[in-house]
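Structure first, then comments.
Where a number appears in this text, it was derived from the coordinates with a stated rule and is not lab data. Note that this is a predicted model, so its numbers are computed, not measured. So basically every Cβ, Gly included, is an ideal-geometry build from the backbone, and we count neighbours across all protein chains shown.
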């Protein structure tokens, strides 16, 4: 049995009376009960009443115990909408309503029929019960006659209700949608007014708004007069933080009510456009929650669509990647007559990337064609295209050359893309990959391309490039001159100065500059003054670069095969024995470890030619020094041979 705990038998009897009224007839006829027993476990009745002191024994027996005595729940209600409605009906002394509710479609204890019946009878209900009534009626608009439909709408929209909830408004919106077109406009007008009032004042962004024709009568005019100032004030407020969904909802309600917001529209869309990108980025990769309402807004209002798409097109060059990601998730309708070059480029890039893969130059050409405008006519398309294709990286030197040649310097200056070209030149790698894919040293071709690009950038943008970027490009330009021409005197000092001005200088750029300088200093035609300044500059990094290059296979081969070059290196490496602290040991090591093996590999005729060249370009003492140096090498070899023979003997 079910156990009811009360202090008085009469209270148990009241519960039994409520059950007999609310239960279906066949259920009530089978109901057996007793209002008081001390042994509920052995009772044959289906409902029994016990005193509070016997409740624990009933629980121990495994019975369903309902403690009705004492204080009601602190919330004053229950999660069971049917039970809450039944209690209000019972307290209103209207038991006949239970019979009326049973005549409506629905399960025996469904909350909807009983809540509808109670509201039509003028009984005040809570928000959950009202939501149940509206939801039931929305699913079965045919179940109520005109009179009861009007009574239900009047009860749901009563101005005395101040505790409506979101689920209740959602149910009311569904009810309006079900009744619209089925009932006369005066019947549904209060629901429409309540919904738009909640949309404006309550900020419920999930509401399904009525159609515009719901506000054509005097009721609509009254609502518009009441809400128009609030809508315009909030739309014009630039200080507050308003969500995209809220702005979209206000714009839609303004149109429904015929509120003229033409003057405020430009500022509204200028704030809405960046907010779209920010909120969409904050929601990850999913479709933003505001997307359906936004697309409905753009479909409903041509002037808003035109203004918003124009605002997005204007901000696209600032962050084209964000706009492209947004367009992938929200398919904005910009297929009309508006130009919108930047939006069209942003929409084109995903397909171009998927089709053309890693060929960024081809992707760039395709994206630029999607704009429908020449960079000469609209330089900002350059910025958008570059931002889309090279969003998170700098172009390569080859790609930067393509970009530079695709437009005039004025176009790049207006678009601001010259800075990306500078990044490409300064960030060009200094190592050419070997067959194994590992860097093996500076690539002359890539160095020449980067240096030529730097030269053209310095000529094309003299007023824009400054600071460390200018110093870095000048360093690259010096590399070009060291390789191809005659730079101004003071090479080593110029390299040191420009490296200091370009700090923090890119390692690859520093390596390029050092390599170009020492390669020129290792050439036979370098000016003696430049070599003297270099040696006496006592710069550890430069001398280390010289040492590495002198030990390269290119220099070793030249030493073995060109006696004149070997004589020149002997002269240089022996000419400055007291030039600082760093150069002398490096020069001595080069003589012993690089030049000596090369001379050993020469024929006697080549060695004699080296000696003659040393004597001809230097003094007679220099030639004697070479003979002494070479003799020590020869005696060393002879001594090792004698020792070897003695050991074998």
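Here are some notes:
- Set of the range 597-615 residues, backbone N closer than 19 Å to the point 7 Å along the Cα-Cβ line of residue 624: 611-615
- Helical contribution to [θ] at 222 nm, DSSP H n ≥ 4, -39,500 (n - 2.57), averaged over the chain, rounded to 500: -20000 deg cm²/dmol
- Extended-chain gain in nm, criterion 0.36 nm per residue less alpha-carbon gap, residue 102 and residue 80: 6.1 nm
- Here the calculated FRET efficiency for residue 197 and residue 9, from their Cβ-Cβ distance with R0 = 56 Å, stands at 0.65, rounded to the nearest 0.05.
- Shown here: the range 80-218, whose C-alpha atoms stretch 41, 27, 24 Å along the first, second and third principal axes, sorted largest to smallest.
- The chain: antiparallel DSSP beta bridges as a percent of all, rounded to 5: 15
- Normalised contact order of the range 1-70, rounded percent, pairs of Cα under 8 Å and 6 or more residues apart: 48
- The range 135-196 and the range 349-418: distance between their alpha carbon centers, rounded to Å: 57
- Potential lengthening between residue 285 and residue 211 on full extension [0.36 nm per residue; Cα-Cα distance subtracted]: 23.4 nm
- Contour excess over end-to-end distance, with Cα ends at residue 608 and residue 237 and 0.36 nm allotted per residue: 124.2 nm
- Per-pair calculated FRET efficiency, R0 = 22 Å: residue 328 and residue 374 via Cβ, rounded to 0.05: 0.25
- Rounded tilt (10° steps) of 341-356 against the dominant C-alpha axis of the chain: 70
- Protection proxy ranking, peptides 606-617, 460-471, average beta carbon neighbours within 10 Å, highest first: 606-617, 460-471
- As a ratio to 2.2 N^0.38 Å, the alpha-carbon radius of gyration computed for the chain takes the value 1.77.
- For the range 212-315, the equivalent ellipsoid derived from the Cα gyration tensor has semi-axes of 25, 15, 13 Å, listed largest first.
- Size descriptor, Kirkwood hydrodynamic radius, that averages inverse alpha-carbon separations across the range 1-70, Å: 12.0
- Compared with the dominant principal axis of the Cα atoms in the chain, helix 397-406 is inclined by about 70°.
- Each peptide among 239-246, 172-179, 50-57 gets the average number of other Cβ atoms lying within 10 Å of its residues, and from highest to lowest they stand as 172-179, 50-57, 239-246.
- Counting only alpha carbon atoms, the long axis of helix 467-484 and the longest principal axis of the chain meet at about 40°.
- Estimated inter-spin distance, residue 405 and residue 295, nm [label 7 Å along Cα→Cβ]: 4.4
- Applying 1/(1 + (r/R0)^6) with R0 = 51 Å to the Cβ-Cβ distance of residue 361 and residue 66 gives a FRET efficiency near 0.05.
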